[in-house]
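First the structure, in the form of C-alpha coordinates, and then the observations on it.
The values are calculated or read from the model by the stated rules, or taken from the named source; none is laboratory data. Note that this is a predicted model, so its numbers are computed, not measured. No Cβ is skipped: glycine too gets one built from the backbone with ideal geometry, and neighbour counts run over all protein chains shown. Areas reflect the complete protein model, heavy atoms only, side chains present, ligands, DNA and RNA absent. Shrake-Rupley method; radii C 1.70, N 1.55, O 1.52, S 1.80 Å.
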Amino acid sequence: MDTALPSKLLAVQHHQIDQGVAGIVDGSGTPAALAAALAAALQLLRQHLYVEEAALFPPLAKTGLAMPVFVMQREHGQMWPLITGLEAACAAGTGRDALRADADKLLMLLKMHNPKEEQIVYAAADRYEPAHPDAPLVAAMAAAHMPDGWVCANAPH
Ligand SMILES: [Fe+2]
Ligand SMILES: [Fe+2]
(Lines give C-alpha, C1' and ligand atoms only; values in the text may rest on other atoms or scores of the structure.)
(Ligands and ions follow the chains in the order given, each with its own letter.)
Protein backbone atom coordinates (compact mmCIF):
# COMPACT_ATOMS: atom_id res chain seq x y z
CA MET A 1 0.00 0.00 0.00
CA ASP A 2 1.44 3.33 -1.05
CA THR A 3 1.04 5.95 1.65
CA ALA A 4 2.22 8.64 -0.80
CA LEU A 5 -0.90 8.28 -2.97
CA PRO A 6 -3.18 11.33 -2.81
CA SER A 7 -6.08 9.17 -1.58
CA LYS A 8 -4.08 7.88 1.38
CA LEU A 9 -2.95 11.28 2.58
CA LEU A 10 -6.39 12.84 2.27
CA ALA A 11 -8.46 9.93 3.60
CA VAL A 12 -6.32 9.88 6.75
CA GLN A 13 -7.23 13.54 7.25
CA HIS A 14 -10.94 12.73 6.75
CA HIS A 15 -10.67 10.25 9.59
CA GLN A 16 -8.79 12.65 11.88
CA ILE A 17 -11.29 15.45 11.21
CA ASP A 18 -14.28 13.15 11.80
CA GLN A 19 -12.87 12.06 15.13
CA GLY A 20 -12.31 15.61 16.35
CA VAL A 21 -15.82 16.70 15.39
CA ALA A 22 -17.47 13.51 16.65
CA GLY A 23 -15.88 13.94 20.07
CA ILE A 24 -18.11 16.91 20.81
CA VAL A 25 -21.18 15.05 19.57
CA ASP A 26 -20.77 11.75 21.35
CA GLY A 27 -17.26 11.42 22.76
CA SER A 28 -16.12 11.13 26.32
CA GLY A 29 -13.55 13.36 27.97
CA THR A 30 -13.35 16.68 29.71
CA PRO A 31 -15.21 19.55 27.99
CA ALA A 32 -11.93 21.43 27.58
CA ALA A 33 -10.20 18.48 25.91
CA LEU A 34 -13.15 17.88 23.58
CA ALA A 35 -13.28 21.56 22.62
CA ALA A 36 -9.52 21.58 21.96
CA ALA A 37 -9.87 18.47 19.78
CA LEU A 38 -12.72 20.13 17.89
CA ALA A 39 -10.69 23.31 17.33
CA ALA A 40 -7.75 21.25 16.02
CA ALA A 41 -10.08 19.29 13.72
CA LEU A 42 -11.57 22.52 12.34
CA GLN A 43 -8.11 23.91 11.61
CA LEU A 44 -7.17 20.68 9.83
CA LEU A 45 -10.48 20.77 7.91
CA ARG A 46 -9.76 24.32 6.71
CA GLN A 47 -6.33 23.25 5.47
CA HIS A 48 -7.79 20.10 3.93
CA LEU A 49 -10.38 22.09 1.97
CA TYR A 50 -7.67 24.50 0.84
CA VAL A 51 -5.39 21.72 -0.41
CA GLU A 52 -8.29 20.15 -2.28
CA GLU A 53 -9.49 23.37 -3.87
CA ALA A 54 -6.02 24.78 -4.62
CA ALA A 55 -3.96 21.74 -5.58
CA LEU A 56 -6.20 18.75 -6.25
CA PHE A 57 -9.40 19.93 -7.91
CA PRO A 58 -8.06 22.22 -10.69
CA PRO A 59 -6.02 19.56 -12.54
CA LEU A 60 -8.73 16.92 -12.04
CA ALA A 61 -11.44 19.27 -13.30
CA LYS A 62 -9.50 19.53 -16.55
CA THR A 63 -9.40 15.76 -16.97
CA GLY A 64 -13.13 15.02 -17.05
CA LEU A 65 -14.09 15.58 -13.42
CA ALA A 66 -15.57 19.06 -13.72
CA MET A 67 -18.99 17.99 -12.40
CA PRO A 68 -17.80 16.00 -9.35
CA VAL A 69 -15.40 18.84 -8.49
CA PHE A 70 -18.29 21.31 -8.77
CA VAL A 71 -20.37 19.22 -6.38
CA MET A 72 -17.48 18.85 -3.92
CA GLN A 73 -16.85 22.60 -3.87
CA ARG A 74 -20.55 23.30 -3.37
CA GLU A 75 -20.54 20.97 -0.36
CA HIS A 76 -17.45 22.69 1.04
CA GLY A 77 -19.45 25.91 0.81
CA GLN A 78 -22.25 24.31 2.82
CA MET A 79 -19.77 23.33 5.54
CA TRP A 80 -18.12 26.73 5.69
CA PRO A 81 -20.58 28.62 7.95
CA LEU A 82 -20.53 25.72 10.41
CA ILE A 83 -16.71 25.74 10.43
CA THR A 84 -16.44 29.46 11.07
CA GLY A 85 -19.27 29.43 13.60
CA LEU A 86 -17.78 26.54 15.56
CA GLU A 87 -14.32 28.12 15.47
CA ALA A 88 -15.70 31.33 16.91
CA ALA A 89 -17.61 29.40 19.55
CA CYS A 90 -14.50 27.42 20.52
CA ALA A 91 -12.47 30.62 20.77
CA ALA A 92 -15.16 32.15 22.98
CA GLY A 93 -15.07 29.16 25.32
CA THR A 94 -18.62 28.08 24.50
CA GLY A 95 -19.76 24.99 26.40
CA ARG A 96 -20.11 21.58 24.87
CA ASP A 97 -23.90 21.59 24.83
CA ALA A 98 -23.96 24.73 22.71
CA LEU A 99 -21.36 23.31 20.29
CA ARG A 100 -23.09 19.98 19.88
CA ALA A 101 -25.87 20.92 17.43
CA ASP A 102 -23.58 22.55 14.89
CA ALA A 103 -20.91 19.87 15.33
CA ASP A 104 -23.60 17.28 14.61
CA LYS A 105 -24.65 19.15 11.45
CA LEU A 106 -21.03 19.38 10.29
CA LEU A 107 -20.49 15.69 10.97
CA MET A 108 -23.56 14.82 8.88
CA LEU A 109 -22.24 16.91 5.98
CA LEU A 110 -18.81 15.26 6.26
CA LYS A 111 -20.40 11.80 6.29
CA MET A 112 -22.19 12.57 3.03
CA HIS A 113 -19.27 14.37 1.42
CA ASN A 114 -16.25 12.25 2.28
CA PRO A 115 -17.31 8.83 0.88
CA LYS A 116 -18.27 10.38 -2.48
CA GLU A 117 -15.03 12.33 -2.56
CA GLU A 118 -12.94 9.27 -1.73
CA GLN A 119 -14.70 7.02 -4.25
CA ILE A 120 -14.78 9.44 -7.17
CA VAL A 121 -12.28 12.26 -6.76
CA TYR A 122 -9.52 10.59 -4.75
CA ALA A 123 -9.71 7.47 -6.92
CA ALA A 124 -9.25 9.69 -9.97
CA ALA A 125 -6.35 11.45 -8.25
CA ASP A 126 -4.63 8.12 -7.72
CA ARG A 127 -4.99 7.37 -11.44
CA TYR A 128 -3.83 10.87 -12.37
CA GLU A 129 -0.64 10.66 -10.35
CA PRO A 130 1.29 7.99 -12.33
CA ALA A 131 -0.09 9.34 -15.62
CA HIS A 132 1.31 12.84 -15.00
CA PRO A 133 4.84 12.46 -13.62
CA ASP A 134 5.58 16.02 -14.73
CA ALA A 135 2.79 17.46 -12.53
CA PRO A 136 2.61 15.33 -9.37
CA LEU A 137 -0.41 16.00 -7.19
CA VAL A 138 1.24 14.88 -3.96
CA ALA A 139 4.02 17.43 -4.40
CA ALA A 140 1.50 20.16 -5.22
CA MET A 141 -0.52 19.22 -2.13
CA ALA A 142 2.59 19.36 0.07
CA ALA A 143 3.47 22.78 -1.31
CA ALA A 144 -0.05 24.19 -0.82
CA HIS A 145 0.06 26.46 2.23
CA MET A 146 -3.22 28.10 3.08
CA PRO A 147 -2.96 31.90 3.03
CA ASP A 148 -4.31 33.84 6.00
CA GLY A 149 -7.93 34.70 5.48
CA TRP A 150 -8.51 32.08 2.77
CA VAL A 151 -12.20 31.38 2.12
CA CYS A 152 -13.44 28.37 0.16
CA ALA A 153 -14.69 29.01 -3.36
CA ASN A 154 -18.41 28.54 -2.68
CA ALA A 155 -18.65 30.01 0.82
CA PRO A 156 -21.91 31.94 1.29
CA HIS A 157 -21.45 35.71 1.17
FE1 LIG B 1 -13.74 17.86 0.10
FE1 LIG C 1 -11.71 15.76 1.53
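Structure data summary
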quantity	calculated
Most fluctuating residue given options Ala103, Ala54, Ala140, as computed from a GNM of the chain linking Cα atoms under 10 Å	Ala140
Positive-pole candidate from Pro115, Gly95, Met67, dipole of segment 58-117, charges at beta carbon	Met67
Net lengthening on full extension, Trp150/Ala131 (0.36 nm per residue, minus Cα-Cα)	3.8 nm
Nearest-ten-degree value, helix 31-51 long axis tilted from longest Cα axis of the chain	20
Surface accessible to a 1.4 Å probe, Val151 within the full protein complex, Å²	80
Degrees, to the nearest 10: 66-91 long Cα axis against longest axis of the chain	30
Length gained when the stretch Leu109-Gln43 is fully extended (0.36 nm per residue, less Cα-Cα span)	22.1 nm
Proximal charge balance of Gln73 [Cβ under 10 Å; K/R count +1, D/E count -1]	-2
With every protein chain in place, segment 6-143: carbon and sulfur % of accessible area (1.4 Å)	62
Hits among lysines - C-alpha to C-alpha of Lys8 under 18 Å, sequence gap 8 or more where chains match	Lys111, Lys116
Per residue accessible area of the chain, 1.4 Å probe, in Å²	51
Gaussian network model of the chain, Cα within-10 Å springs - most flexible of Met72, Met141, Met112	Met112
Among Leu49, Leu137, Leu65, residue whose mean-square fluctuation peaks in a GNM of the chain (springs only between Cα atoms under 10 Å)	Leu65
Point-charge dipole on Cβ atoms (K/R +1, D/E -1) for segment 6-143, about Cα centre, debye to 20	80
The chain, helix-only ellipticity at 222 nm - DSSP H runs n ≥ 4, -39,500 (n - 2.57), divided by all residues, nearest 500	-23000 deg cm²/dmol
Counted charge near Ala35, where neighbours are those whose Cβ lies closer than 14 Å (Asp, Glu -1; Lys, Arg +1)	-1
Gained length - Ala92 relative to Met67, 0.36 nm times residue gap less alpha-carbon distance	5.2 nm
Span from the segment 136-152 Cα centroid across to the segment 70-108 one, whole angstrom	21
Diffusion coefficient, µm² s⁻¹, Stokes-Einstein with Kirkwood Rh over alpha-carbon pairs of the chain at 10 °C and 1.306 mPa s	98
Per-residue ³J(HN,Hα) for segment 129-134, Karplus 6.51 cos²θ - 1.76 cosθ + 1.60, θ = phi - 60°, Hz, x for Gly and Pro	4, x, 7, 10, x, 7
